[in-house]
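Undergrad: Before I ask anything, let me first share the structure, which is written out below as C-alpha cells.
The values are calculated or read from the model by the stated rules, or taken from the named source; none is laboratory data. Predicted model only: the values in this text are computed from it and were never measured. Positions of Cβ are generated from backbone atoms using ideal geometry, with glycine treated the same way; all protein chains shown enter the neighbour counts. Only protein heavy atoms, including side chains, enter the accessible area calculation; ligands, DNA and RNA are left aside. Shrake-Rupley method; radii C 1.70, N 1.55, O 1.52, S 1.80 Å.
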Amino acid sequence: AGDVVVLGNVHDGGEVVSRGNIVVLGKLQGIAHAGAEGDVEARIFARIFEASQVRLAHKVSYLDQSASWWKKPALVMLEDGVFMVQEIEI
C-alpha cells in the first residue's frame with residue numbers, strides 16, 4: 001500500500017508493484033507497476049530508466065529503447081489515458 005522507494009536497482013526479471021508511486025534511485029530494468037489498484041495519478045520515476053515495460057493503473061506500455069530519455073532520469077505518467085515520458089534533469 002502507498003508509495004515504494006527502491007534505493008538500489010531493479011534488475012531485468014525483477015518486478016516492483018505499488019498502489020501508489022514508484023521511485024527507483026538506481027537503474028530500472030525490470031517491470032514497475034504503479035497505481036496497481038487503478039490509481040491513474042500514479043507515476044514511476046527512475047534515475048536510470050531502462051525498463052522495456054511499465055504499468056500504470058490498468059494500462060501497460062512497452063517503451064522504446066531508441067528514445068532520447070533511455071538510460072537517463074525519467075518520469076512516466078498517464079495524461080488522458082496515454083503514457084507520457086518526461087526526461088528529468090538532476
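Undergrad: Where is the GNM fluctuation largest for the chain (alpha-carbon springs, 10 angstrom cutoff): SER52, SER68, SER18?
TA: Greatest mean-square fluctuation among the candidates belongs to SER68.
Undergrad: Mind listing the long-range amide H neighbours of VAL6? Cut-off is under 5 Å, sequence gap 5 or more, other chains count too, H placed in the peptide plane at 1.01 Å from N.
TA: Those qualifying (amide H under 5 Å, at least 5 residues apart or on another chain) are VAL23, VAL24, LEU25.
Undergrad: Here's something else I'd like to know. First compute the accessible area of the chain with a 1.4 Å probe, then give the percent of it belonging to carbon and sulfur atoms.
TA: Details: 2400 of 5030 Å².
Carbon plus sulfur share of accessible area: 48 percent.
Undergrad: Follow-up. Any chance you could tell me what percent of the C-alpha pair distances in the stretch 1-51 go past 16 Å? Can you show the working numbers first?
TA: Values: 375 of 1275 pairs.
Every Cα pair in the stretch 1-51 considered, those over 16 Å come to 29 percent.
Undergrad: While we're looking at this one, here's another question. Computed FRET efficiency, Cβ-Cβ of VAL40 and GLU15, R0 30 Å: what is it to the nearest 0.05? Could the numbers behind the result be given before it?
TA: On the way: r = 20 Å, r/R0 = 0.67.
Working from the Cβ atoms, E equals 0.90.
Undergrad: Using a 1.4 angstrom probe, figure out how much accessible area the stretch 9-51 has per residue, in square angstrom, rounded to the nearest whole.
TA: Working: 1900 Å² over 43 residues.
Computed with neighbouring chains in place, this is 44 Å² per residue.
Undergrad: Using modelled backbone amide H atoms (1.01 Å from N, in-plane), which distant-in-sequence or interchain residues come within less than 5 Å of ALA57's amide H?
TA: ALA34, GLY35, ALA36, GLY38, ASP39
Undergrad: Now, a different point. Sort 57-64, 72-79, 19-26 by the packing proxy (mean of other Cβ within 10 Å over each peptide's residues), most packed first. Could you put the intermediate results ahead of the total?
TA: On the way: 57-64: 13.8, 72-79: 17.9, 19-26: 19.4.
My ranking of the peptides, most packed first, is 19-26, 72-79, 57-64.
Undergrad: A follow-up question, please. From zero outward in steps of 5 Å, how is the percent of C-alpha pairs of the chain spread across the bins?
TA: P(r) over the chain, rounded to whole percents: 3, 16, 30, 28, 17, 4, 0.
Undergrad: In debye, nearest 20: dipole of the stretch 1-75 around its Cα centre with unit charges on the Cβ of K, R (+) and D, E (-)?
TA: Working: 8 positive and 8 negative charges, 43 e Å.
That gives a dipole near 200 debye.
Undergrad: While we're here: For the stretch 1-70, give me the percentage of DSSP beta bridges that are antiparallel, rounded to the nearest 5 percent. Provide the component values of the computation, followed by the final result.
TA: Working: 4 of 19 bridges.
Beta bridges within the stretch 1-70, antiparallel portion: roughly 20 percent.
Undergrad: Could you run the Karplus curve 6.51 cos²θ - 1.76 cosθ + 1.60 with θ = phi - 60° over the stretch 13-21 and give me ³J(HN,Hα) per residue in whole Hz, x for Gly and Pro?
TA: Using θ = phi - 60°, the values come out as x, x, 9, 10, 10, 9, 6, x, 7 Hz.
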